Amino acid sequence: MVDASLYLGDCREQLRMLPAESVDLVVTSPPYADSRSTTYGGVKPDDYVEWFLPVSAELSRVLKPTGTFVLNIKEKVVNGERHTYVIELILAMRQQGWLWTEEFIWHKKNSYPGKWPNRFRDSWERLLQFNKDRKFHMYQDEVMVPMGDWAERRLKKLSHTDNMRDPSKVGSGFGKRVANWIGRDKAYPTNVLHMATETKNRNHSAVFPDDLPKWFIKLFTQPGDCVLDPFMGSGTTVKVALQMRRNAIGMEILPEYFQLAQDSVDAARISSGQLALLENKDRPLGNSSPKIRVSTRISLNRWDIEPKR
Ligand SMILES: C[S@@+](CC[C@H](N)C(=O)[O-])C[C@H]1O[C@@H](n2cnc3c(N)ncnc32)[C@H](O)[C@@H]1O
C-alpha cells in the first residue's frame, strides 16, 4: 500500500502540517521569478530569495537527514542580462544550513529555435541538488546507462596508463583505471540529463516530462520511501512516485491545477488497481499486491496569499 496526500493551499502553510524528518526526496519546480505571471503568478526577481527561504526552511525541517532536495530553477533575463537570484538563493540556502551537493543540467532536447539580438536559444535548466548531510542515500546503479560504442572503440587497444590507476591531472585526488570497464555493458551517467520537454497539452503551462522526476526518484529513493513536491502543478512528480511504489505528497495553490493533479493520481490509482487485478488473477483475493490510497486535504486559509490570475 502506498499513500498519496494532496494538499490544496499555499505550501508555506501546508508544509507546517508535515512531521519533521518524514520525507526522503523533494523534487520540485517552483514558479520562476515573474515567469508565467499570466497563468499562475510570479514573484519579482528581486524578492525571490526572500520569498523562497521560508519554503526551504520548512523543507529542511521535513526532510530526513539522509534525504535529498532537487530544485528545478532557471534565472530569467532582466534588462538584457541574467538576473542573479538563483546564485543568491544558493548562497542564502547554504547560510540556512543546506549543502549544495551538485548541479545537474536538464538539456531540453526539443527546445524550439529562435532569434534574439544578444543571445541564443535557451535549451537548459538547472536542477540543483541540496542535502542536509554529506551522507545521503544514493542508489547509483539504478540510473546506469548502456555503455555504447565508446567502450568498443576505447577499450579495444589499451595503453600502459589505461591499465593503471591514472591520478587526475588537476590534482583533485580522483583517478581512473580505464581497464576497469572491460566486460561491462553499463556505465554511470553524467550530470547532464538529455530529456525533451513535455509537449502534450496537459492544461498546465510548465509540466515536467515524466522522466525527470522518475530519474531522481530512482537515484535517491527506494520503494516505500516518501517523495514530496510542494509546487506540484499538474501532479507529475506525485503520479510518477506512485507508479514507482513510493508514497507521495503534493501541494498546489490553484484549485484548477490541484484538480489536474487529483485526476492524474486517480488515473495512477486505477491503473495500479488493474495491475493488481492482473497480478492476482490466479491467486486468492486479499493478496497483498500494491494499492494506492489517496487522501486530499483542503486548506482553510488557502487564500492567505492571493495568487495572480
Ligand atoms: C512550475 S509549476 C510546477 C509544474 C509541475 N512540475 C508539473 O509537472 O505540473 C509551479 C506550480 O506551483 C504552484 N504554486 C505557486 N505558488 C505556490 C505556493 N505558494 N504553494 C503551492 N503551490 C504554488 C503554481 O500554481 C504552479 O502550478
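Every number in this text was worked out from the coordinates using simple rules, so none of it is lab data. These numbers were taken from a predicted model, which means no experiment stands behind them. Please note: Cβ atoms are built from the backbone with ideal geometry, for glycine as well, and neighbour counts cover all protein chains shown.
A few points about this structure:
- Paramagnetic label reach from T161 (point 7 Å along Cα→Cβ; backbone nitrogen cut-off under 15 Å): within the stretch 176-194, residues 176-179.
- Taking the number of Cβ atoms within 10 Å of each Cβ as an exposure proxy, the fewest-first ranking of D122, D34 is D122, D34.
- Semi-axes of the equivalent ellipsoid for the chain, computed as √(5λ) from the eigenvalues of its C-alpha gyration tensor and ordered from largest down, come to 34, 28, 20 Å.
- 5 angstrom amide H check on A4, placed H, neighbours 5+ away: A248, R293, V294, S295
- Segment K176-R82, extension gain: residue separation times 0.36 nm, minus the distance between their alpha carbons: 30.2 nm
- Dipole size of the chain about its Cα centre, with +1 on Lys/Arg Cβ and -1 on Asp/Glu Cβ: approximately 940 debye, rounded to the nearest 20.
- Residue by residue, the stretch 9-14 carries 3J(HN,Hα) couplings of x, 6, 4, 5, 8, 5 Hz when phi is fed to the Karplus relation 6.51 cos²θ - 1.76 cosθ + 1.60 (θ = phi - 60°); x denotes Gly or Pro.
- Each of W98, W181, W116 has some number of other Cβ atoms within 10 Å of its Cβ, and from fewest to most they run W116, W181, W98.
- Computed from backbone phi, the HN-Hα couplings of the stretch 206-217 come to 9, 7, 5, x, 3, 5, 5, x, 4, 5, 6, 5 Hz, rounded to whole numbers (Karplus: 6.51 cos²θ - 1.76 cosθ + 1.60, θ = phi - 60°; Gly and Pro given as x).
- Placing unit charges on the Cβ atoms only, positive for Lys and Arg and negative for Asp and Glu, gives the stretch 1-160 a dipole magnitude near 740 debye about its Cα centre.
- Order of T161, T68, T236 under a 10 Å beta carbon neighbour criterion, fewest first: T161, T68, T236
- Other-chain or far-sequence residues with amide H under 5 Å of T197's (modelled H): K109, N110
- All Cα pairs of the stretch 146-187, percent lying beyond 12 Å: 61 percent
- Mean shadow area of the stretch 126-204, taken as a quarter of the surface of its Cα convex hull (nm²): 9.1 nm²
- Helical runs assigned H by DSSP (4 residues or longer) give the chain a calculated mean residue ellipticity at 222 nm of -8000 deg cm²/dmol, each run adding -39500 (n - 2.57) before division by the residue total.
- Note on the stretch 146-187: with charges restricted to the Cβ of Lys and Arg (+1) and Asp and Glu (-1), its dipole about the Cα centre is near 60 debye.
- Unit charges at the beta carbon, dipole of the chain: most positive-side option, L91, L193, V145: V145
- Most fluctuating residue given options G97, G171, G67, as computed from a GNM of the chain linking Cα atoms under 10 Å: G171
- Straight-line cross-link partners of K64 among the lysines, defined as a Cα under 27 Å from its Cα and at least 8 positions apart when in the same chain: K74, K132, K135, K214, K218, K239, K291.
- Computed over the chain, relative contact order equals 29 percent, with contacts defined as Cα pairs under 8 Å that lie 6+ residues apart.
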